Amino acid sequence: MRNRNRSDNNSSEQASRSPHLLRLDVSKAAPPPSFFRCPISLEVMLSPVSLCTGVTYDRSSIQRWLDSGNTTCPATMQSLSSTELVPNLTLRRLIHLWSSSCTSSSHQYIPSSLSELARMLSDPTADEAYKLRLLSSDALRPSALASLFLAPETLDLAVTLASLLLSLDLVDVERKRALIAALLSDLDATVTGLVAVFKGAEYSSSRVAAARVLEMLIAEERTVMAGKPVLATELVRLIGEADGEAVDAGLRCLTGLTGAGRRVRAEMVRMGVIPALTNVMERDEVEIPAAAVENAMRVMVAAVGIGEGRAAFCAEAERNVAAVVGRMIKVGNEGREAAVGLLWRVCCCGGGDRRARKAAAVAKGGLGKILVVMQGDCSPLVRRMAVDLLRVFRATSKGSMAAAGYDSMTIHITPY
């Protein structure tokens, strides 16, 4: 099981010896002109843009260069008077024509590197028949791809390619299962690789890809994956990132892990999942989609289901309750029900926590929002929880909140 880096045939042995290279049939390849390649990545550009120096780069490559704090042109090293990126539409049309001619002929261009293969597979404009041919590469066989997790120099690309294969509709279910099985066959190596990407990847996109691979593994073997506490540690760190896509990917993984038992939830709490989730809820709605906030509420409900989680929540009750109430009706019905369940656990369950009840009394618009949830399509259990919460709000507010309706742009509710 641990010798998955041994190839099954001569072609995969070649891929293992040279993991950066793919087999290239020169007689059938139509190499792109050199000026189609980005001076930074040396790969065919998907979105060519020009700097003020007149040099054209792929947008993603030059943006990373500029985001790293550089103020010079990478090719000429001239100082930049402006960092504006101007689309090179002429070159983009030429590349598109070349790509179309390649994908429509029998002499299709086959990428010569794993990184370019990943780019081609993720290109939404590429022909499906062309992608299918790329997917037949020996380097993308489940055993060969899983073996790339063992080499630090190919780790980022291996994670990116695995994420693509597991998400592409073109890849059949059996092949996806084979890849998952190959990754699970040497779980320690796979987890070590994913953790290394979470910790050391230069770009957020690599961490997102690692989270998507992990999400698939959790769905297949949740209990087994929950036995690796280091994953919970890295996921809590991931949802603290600025990138909304990374936050969303990390929350989906955490949601999957919460059902694996108390131990993994305790580890999440120990690593600071409560304040991390509150940060997610407090962020701008444009940055964090409603679906991600719903997952944040689900994870927090699971976390406060254990004593350590409730203690962590109530230690900063005013801030945490305000964050939950603030996003309660800005999510879907499942998110609203999760919010009610969360507040009920800390305010009502076992008599509730005094700090949480006090925080609920001063939460802006809390009473009215509970009523909104009750008037919606909530389950009988959530409705009973909401009734308990109404008693908490009314008792602790001494009537002041009961007299004040909840206003929004679309509704007005007077809670009588």
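When the chain is fully extended, how far beyond the present Cα-Cα distance does residue 67 get from residue 80, taking 0.36 nm per residue of separation?
Contour length minus the Cα-Cα distance gives 3.3 nm.
Mind ranking 385-394, 331-340 by how tightly packed they are, going by the mean number of other C-beta atoms within 10 angstrom, highest first?
My ranking of the peptides, most packed first, is 331-340, 385-394.
So what's the net charge close to residue 216: Lys and Arg +1, Asp and Glu -1, counting the other residues with Cβ under 14 Å from its Cβ?
+3
Mind grabbing the base-10 log of I(q)/I(0) for segment 201-359 at q = 0.08 Å⁻¹? Debye formula, identical points on the C-alpha positions, no solvent, two decimal places.
So the normalised log intensities are -0.20.
Taking 26 Å as the cut-off for C-alpha to C-alpha distance, list the pairs among 330/358; 228/330; 176/330; 199/228 that go past it.
Listed pairs above 26 Å: 228/330; 176/330.
What FRET efficiency comes out for residue 151 versus residue 319 if R0 is 51 angstrom and r is the Cβ-Cβ distance? Round to the nearest 0.05.
Calculated transfer efficiency: 0.70.
Using 7 Å Cα-to-Cβ label points, what is the residue 224/residue 245 separation (nm, one decimal)?
2.9
For 239, 40, write out the residues from largest to smallest accessible area, computed with a 1.4 angstrom probe and no ligands counted.
40, 239
On the full set of protein chains, 1.4 Å probe, figure out the accessible area of residue 95 and give it in Å² to the nearest 10.
In the full protein context, residue 95 sits at about 10 Å².
For the peptides 153-162, 347-356, 209-218, 85-94, what is the packing order when you average, over each peptide's residues, the other Cβ atoms within 10 Å and list the highest mean first?
By packing density, highest mean first, the sequence is 209-218, 153-162, 347-356, 85-94.
As an exercise, use a Förster radius of 45 Å and the Cβ-Cβ distance of residue 91 and residue 290 to find the FRET efficiency, rounded to the nearest 0.05.
That pair, residue 91 with residue 290, gives E of 0.70.
Can you tell me the accessible area per residue over segment 271-403, all protein chains present, probe 1.4 angstrom, in square angstrom?
42
Testing the spin-label approximation: label points 7 Å from Cα along Cα→Cβ at residue 181 and residue 384. State their distance in nm.
So the label points at residue 181 and residue 384 sit 4.5 nm apart.
If you rank 358, 176 by how much accessible surface each has, with a 1.4 Å probe, what is the order from largest down?
The most accessible residue leads, giving 358, 176.
The values are calculated or read from the model by the stated rules, or taken from the named source; none is laboratory data. Treat the numbers as computed from the prediction; the structure is a model and nothing was measured. Glycine gets a Cβ as well: all are built from the backbone with ideal geometry, and neighbour counts include every protein chain shown. In case anyone asks, the SASA skips ligands and DNA or RNA and just uses the protein heavy atoms, side chains included. Shrake-Rupley method; radii C 1.70, N 1.55, O 1.52, S 1.80 Å.
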